[in-house]
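Just so you know, all these numbers are worked out from the coordinates, no wet-lab data involved. These numbers were taken from a predicted model, which means no experiment stands behind them. Neighbour counts are summed over all protein chains in view; Cβ atoms, including those assigned to glycine, are modelled from backbone coordinates with ideal geometry.
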Amino acid sequence: MTEKPATILVVDDTPTKRYILGSWLRRAGHEVVEATCGEEALSLVRGISPDLVILDVRLPDIDGYEVCERIKSDPVTTAIPVIQISAHAIAVSDRAHGLYQGADAYMAEPIEPEEFIATVQAALRYYRARQRAERLAARLRELTDVTLAISASTTFDKLMRVAVDGASRILDRRCGALAIGLDGGMRRYAAIAPDGPAKGRSAPQESLNKLTAHALGEAQGTAEFRLRPEEWLEIIPDADIRVAVSAVASRTRIGRPPVFLAAEDAEPLDSDELNILKQLGQALALAVDALRAYAEEHTIALTLQRSFLQSHLPPTPGLEVGTRYRPAIDNVEVGGDFYEVMRLGERVLVGIGDVQGHSLHAATVMAELRHALRAFVVEEHDLGRIMGRLNEVLRRYHPTMTATVCLLLIDTENGAVELANAGHIPPIIVADGKADYHTWGNLLLGAAPEVYRVDRLELPENGALLMFTDGLIEDRDVPLDQSLEVVRGIAESFDRDLEMFCDRLIDHFGAREDDVAVVALRRTVRWDAPRPV
């Protein structure tokens, strides 16, 4: 089998021998570089990294044994094959010593040209096979890293960039990808150079249809195809490409839009490179589908959660109310946070609570507690008894669940407030420019039988109350009492607009790992109250 021509370093201090060996190698199609001594040889080995070294044993400065040993002991050059040649050191012990020092072959002169070239070709075959194996092993290691990075990507944009940058780096050529984004728009990403970074742009919808026609059709799976530059430009006219393109199309399920991963193919991809491209295409398709499914589930969960909350608050003379609900930023499951505001004649019931966990079951329990609360207040206005009945409902029907709930009953005419608290963070009471937490309440719902006390206080005109769930303040790196104090400090400067205050409070803590519910209220002068004559 004819091997690809190589760059071969011939090291010998005799000009005639260098000429003879060089002429044989050049006739075989190889490029020859010459050196006359050991130090020069070592410098050239590090400088040009030849494919093979022909090394005379006797050199004027360093003998060939030591030169070979130095080449083989350097991790950068250890794989370069060395063939030692000698007209004097031809005994069995000499040849064995040369091989022990790292030589890949040892030839005693006189040498036949045919045997010499065959030995050279054999050494080159081994060297190139080792190079291919090492290159493939390195690519597979990098493929594993890129696949893991693809799986860990949390946004569509990051996912596509990671895939394109990784493919470009592994294959050492410009790569690109095309897929439908989570918003339904077609997006394409291309690496401007093998070392990236990838840039994203929108693409016409028909690009996907044209590419799909070249591979897969309506089937699922992964298919490879190759397009000439003019064919690629017909699909994406503004692409910066003038060479052929090898690409893979991958679809995880029938009916899903495929994703495409492509690489410039000026030098055709070998079978190993095509397999890498296919594996990356499959990993990308799976990750895009997973991200799309997550986004859809998150939207459904958020819609379901919001359907459990009040769509509007009843207008209440003498009381301003602001509410907020923010879902956890990275949690697709439904949470158990809720709030409630109901008019009961001249009084207003305000409630906030948090059922343990994040699941459809937690949301279901939350909805049951809210409906039970609404039913109980129809005939019962004693907050202690209402809380006790909610506790019985939770312990009877959901014995493994717990919940925290805080209820307020406010008389808007005189500011009288009744308060019952089942394990929830106490509300902050704001009056005369000061903000303080009310005292802690009773045991949370669902834990054990409990008699819930009712505290009574008075909220002056322009006084305010702030209630929130623990998702607002829970942070792994910040003590809870420190976060509670931050909220109290913010509450001392209630905005005139309660909606703006709720936004400011939530924005201060930023994205949360848990759901957050906030209720802020202020007692105002009732416009329907009798005025003095």
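For the chain, the longest principal axis of the alpha carbon atoms and the long axis of helix 64-73 meet at an angle near 10°. Within 11 Å, Cβ to Cβ, of Pro449, how many net charges do the neighbouring residues add up to if Lys/Arg are +1 and Asp/Glu are -1? Within the 11 Å Cβ shell, the charges total -1.
Calculated mean residue ellipticity, 222 nm, the chain: -13500 deg cm²/dmol, from DSSP H runs (n ≥ 4) at -39500 (n - 2.57) each, averaged per residue and rounded to 500. The charge dipole of region 7-131, taken about its Cα centre with unit charges on the Cβ atoms of Lys, Arg (+1), Asp and Glu (-1) only, comes to about 440 debye. Its Cα centre serving as origin, region 309-523 has a Cβ charge dipole (Lys and Arg +1, Asp and Glu -1) of approximately 520 debye. Counting beta carbons within 10 Å around each of His438, His214 and listing the fewest first gives the order His214, His438. By the rule of a C-alpha distance below 19 Å, with chain neighbours fewer than 8 residues away ignored, the aspartates and glutamates paired with Lys158 are Glu142, Asp145, Asp183, Asp195, Asp289, Glu296, Asp330. Principal semi-axes of the equivalent ellipsoid, √(5λ) from the alpha carbon gyration tensor of region 403-518, are 22, 21, 11 Å from largest down. Taken one residue at a time, the phi angles of region 511-518 give Karplus couplings (6.51, -1.76, 1.60, θ = phi - 60°) of 4, 10, 7, 10, 5, 9, 10, 9 Hz. Gly and Pro are set to x. Each of (i) 24.8; (ii) 30.1; (iii) 24.1 is a candidate for Kirkwood radius over Cα pairs in Å; the one calculated from this structure is (ii).
The convex hull of the Cα atoms of region 7-131, projected and averaged over all directions, covers 6.7 nm². Pop the C-beta distance of Leu457 and Ser202 into the FRET formula with R0 = 56 Å and round what comes out to the nearest 0.05. Efficiency, rounded to the nearest 0.05: 0.45.
What you get for the chain, charging only the Cβ of Lys and Arg (+1) and of Asp and Glu (-1), is a dipole of about 1120 debye around the Cα centre. Hydrodynamic radius of region 95-217 by the Kirkwood approach over all distinct alpha-carbon pairs: 18.4 Å.
Relative to the longest principal axis of the Cα atoms of the chain, the long axis of helix 498-509 makes an angle of roughly 40 degrees. Positive end of the charge dipole of region 248-295 (Lys, Arg +1 and Asp, Glu -1 on Cβ, about the Cα centre): tell me which of Ala293, Gln282, Val259 has its Cα farthest that way. About the Cα centre, the residue reaching furthest to the positive side is Ala293. Ordering Leu42, Thr16, Val57 by Cα displacement along the dipole of region 7-60 toward the positive end leaves Thr16 in first place; charges were set at the Cβ atoms of Lys, Arg (+1) and Asp, Glu (-1). Taking every alpha-carbon pair in region 153-292 and binning the separations at 10 Å intervals from zero gives 13, 49, 35, 3 percent. Our summary gives the chain a relative contact order of 9 percent, counting only alpha carbon pairs under 8 angstrom and 6 or more residues apart.
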